[in-house]
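Participant: Would you mind keeping the following structure in view while I ask a few things?
Coordinate-derived values only; no laboratory data. Since we're looking at a predicted model, the values are computed, not measured. Counting neighbours? That spans all protein chains shown, and the Cβs are built from the backbone with ideal geometry, glycine included.
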Amino acid sequence: MAGYNCPSLPIRLVCGIFILASCLLVFLRLNHGYVPIHSVSYGEPQIEAPKLEKSPTKTASKALKILEPTAPLDRFDVALPSSAPPKLLARPDVPLVTYVYTESDYARTNLQFFVSHGLHAAADFVFIFNGPTNADEMIPLDKPNIKIVKRRNTCYDLGSHREVLNARKRGGKALRDIYQRFILMNASVRGPFVPHWSKECWTEAYLSKLNDRVKLVGSSIDCRGGGDQYVQSMIWATDTTGLNIMLTPAGIGECFRTLDDAIKGAIRTTPLLKSSGYHVDVMTTIFQSQRNYQFENCTQEGDMMYEGKYAGFSVHPFEVMFIKTNRNINPVMIDSLSRWIDQSGYSSYGVCGER
């Protein structure tokens, strides 16, 4: 048998170069268009490496895409490339507080008290300013969890809550779809009034009453002489289940055109939730005097949130945490407590923690 003659060294070298070139060509084709993104810390912009063009002149500044910081600038949206709309960030563990303000002397004082003592880092806050006002200048917008919305003075307080919670902006998600726990309130109440020895956060005091059976919590209930009892709407706490029921047209799901219509919306919301199989709860001690939420069917005459109308005396601010200031309820006590709390430097930041 004739012996096998191996290829010469030059031929083997050419073959090796050809194989390496082929592998490199395949690799480049598979990775065409791939742009690496480096990870960054909060606040540092991301820069995409520009895609190489055949002509170096086409690799211009427009080929560089500057992205927003990887951590959101605020707690309401997620930063995306500038060419795409920002998306809202789901925050199931953080409650949302919507606070409606319409200009008046008592509302301005109440807002200032709330800004001084009610804000904290464990919730997100949206202040809704209805109509002409400069009260928004009180709001500390340097905080990442605080936003303001300015709108025309329409729909009244409850209709304003509905509009803002339903608004679909910045990526198509509404605020009602992002959060799971909510507090809806307005500037007719002053608070939070919390004893100096208490370590309870006011938002959790309200929200902790929500459970599988209870879907609406407030400061007080109007018994209305029996029938159509309702949780008064100056402050409401609810969750996703409750809010979805409340925001239907059978509840507060409309832009109310008159004050009478807005009051009817507030009144019908409690029986709507009860007819859906749920209970309501409120802060007043008289409500807690009957077990298993039986006081939600109370028959007392009249609204108890007036001077001397709470079982023969006036409700104390420490009992409900937020109290009406446009009803002449023991004004000396409320003004004194407000002044003392201001002087004490009480802040919810010190008791509510962060989320």
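Participant: Given the Cα atoms of the range 91-352, and with Rh set as the inverse mean 1/r over their pairs in the Kirkwood sense, what is Rg to Rh to two decimals?
Facilitator: My calculation puts Rg/Rh at 0.93.
Participant: Local charge sum around Y293 (other residues, Cβ-Cβ under 12 Å, Lys/Arg +1, Asp/Glu -1)?
Facilitator: Residues near Y293 contribute +3 overall.
Participant: What is the local net charge at Y99, summed over the other residues whose Cβ is closer than 12 Å to its Cβ (Lys, Arg +1; Asp, Glu -1)?
Facilitator: -2
Participant: Name the long-range amide H neighbours of S314: under 5 Å, sequence gap of 5 or more, or other chain; modelled H, no Pro or chain starts.
Facilitator: For S314, the qualifying residues are G308.
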